[in-house]
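J.: Handing you a structure now.
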Amino acid sequence: MERVPVHEGLFSSADGGHLLGARCGACGKWQFPAGTDCPYCSAEDCATLPLSPTGTLHLFTSVRNRPPGYVGEVPFGFGVVELPEGLRIISRLTESDPARLRLGMAVRLVLVPLHVDEQGREVHTYAFAPVEVAR
């Protein structure tokens, strides 16, 4: 089955997968998703670069009801992950049980299937998985 990203430019599946951010050449700040203009200083020289595949969990919940327009499976975990670059990314989590998550736990990026589209292609997205499950 053909695989396609949920949205072009968010991530690359090369080298095990990584998110694509941008770093401003003028002020040095990062952004995600990647863009050519800096949202902090308005410079126009942001370079698209891979972001770290690991981070720290800062906020989490479980989504048990299907949001409008969403065709993937429920429940799913949802949270905020801080990357070493200083970015906080809003992301799906592979773990949907809040009892198995904890603030500050290490997480790693994974690319996961989301649904099959009308053309029969498997749509993939990014998520973060616990490096080890909380006890």
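The values are calculated or read from the model by the stated rules, or taken from the named source; none is laboratory data. A quick note: this is a predicted structure, and the numbers were derived from the prediction, not measured. Quick reminder, even Gly has a Cβ in these numbers, built from the backbone with ideal geometry, and neighbours come from all protein chains shown.
Matching residues to (1) of a type outside the set (Phe, Trp, Tyr); (2) surrounded by fewer than 14 Cβ atoms within 10 Å (Cβ to Cβ); (3) free of Cβ contacts under 8 Å to residues at least 40 places away in the same chain; (4) in contact with a strand residue (DSSP E or B) (Cβ under 6 Å, 6 or more places away or on another chain):
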site	(1), (2), (3), (4)
Phe11	no, no, no, yes
Gly17	yes, no, no, yes
Gln31	yes, no, no, yes
Gly35	yes, no, yes, yes
Ser42	yes, yes, yes, no
Ser52	yes, no, yes, no
Arg64	yes, yes, yes, no
Pro67	yes, yes, yes, no
Ile89	yes, no, no, yes
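J.: State whether the residues of the stretch 57-70 include one that is in contact with a helix residue (DSSP H, G or I) (Cβ under 8 Å, 6 or more places away or on another chain), among the aromatic types (Phe, Trp, Tyr) and not in a loop (DSSP other than H, G, I, E, B).
T.: Start the filter on the stretch 57-70 by keeping residues that are in contact with a helix residue (DSSP H, G or I) (Cβ under 8 Å, 6 or more places away or on another chain), which leaves 60-62.
If we keep only those that are among the aromatic types (Phe, Trp, Tyr) too, we end up with 60.
This time we only want the ones that are not in a loop (DSSP other than H, G, I, E, B), so: 60.
Yes: the stretch 57-70 contains one or more residues that are in contact with a helix residue (DSSP H, G or I) (Cβ under 8 Å, 6 or more places away or on another chain), among the aromatic types (Phe, Trp, Tyr) and not in a loop (DSSP other than H, G, I, E, B).
J.: Among the residues of the stretch 50-59, are any of a type outside the set (S, T, N, Q) and touching a Ser or Thr at 6+ places or on another chain (Cβ under 8 Å)?
T.: First pass over the stretch 50-59, keeping only residues of a type outside the set (S, T, N, Q): 50-51, 53, 55, 57-59.
Those still in the list that are touching a Ser or Thr at 6+ places or on another chain (Cβ under 8 Å) too: 50.
Within the stretch 50-59 (the criterion being of a type outside the set (S, T, N, Q) and touching a Ser or Thr at 6+ places or on another chain (Cβ under 8 Å)), the answer is yes, since at least one residue qualifies.
J.: Could you list all residues from the stretch 1-25 that are assigned to a loop (DSSP other than H, G, I, E, B) and within 18 Å of the chain's Cα centre (by Cα)?
T.: First, pick out the residues of the stretch 1-25 that are assigned to a loop (DSSP other than H, G, I, E, B): 1-2, 6-10, 13, 17, 25.
The answer is Val6, His7, Glu8, Gly9, Leu10, Ser13, Gly17.
J.: Output yes when any residue across the stretch 77-99 is assigned to a strand (DSSP E or B), more than 27 Å from Thr48 (Cα to Cα) and modelled with pLDDT of 95 or more, and no when none is.
T.: Kept after step one, since they are assigned to a strand (DSSP E or B), are these residues of the stretch 77-99: 77-82, 88-93.
In the following step, the residues that additionally are more than 27 Å from Thr48 (Cα to Cα) were identified as 77.
Now drop any that are not modelled with pLDDT of 95 or more, which leaves 77.
Yes - at least one qualifying residue is present in the stretch 77-99.
J.: Closer than 30 Å to Met1 by Cα, more than 15 Å from the chain's Cα centre (by Cα) and assigned to a loop (DSSP other than H, G, I, E, B): which single residue out of Gly28, Gly120 fits that description? Break it down stepwise before answering.
T.: Values: Gly28 fails: closer than 30 Å to Met1 by Cα.
Only one candidate qualifies: Gly120.
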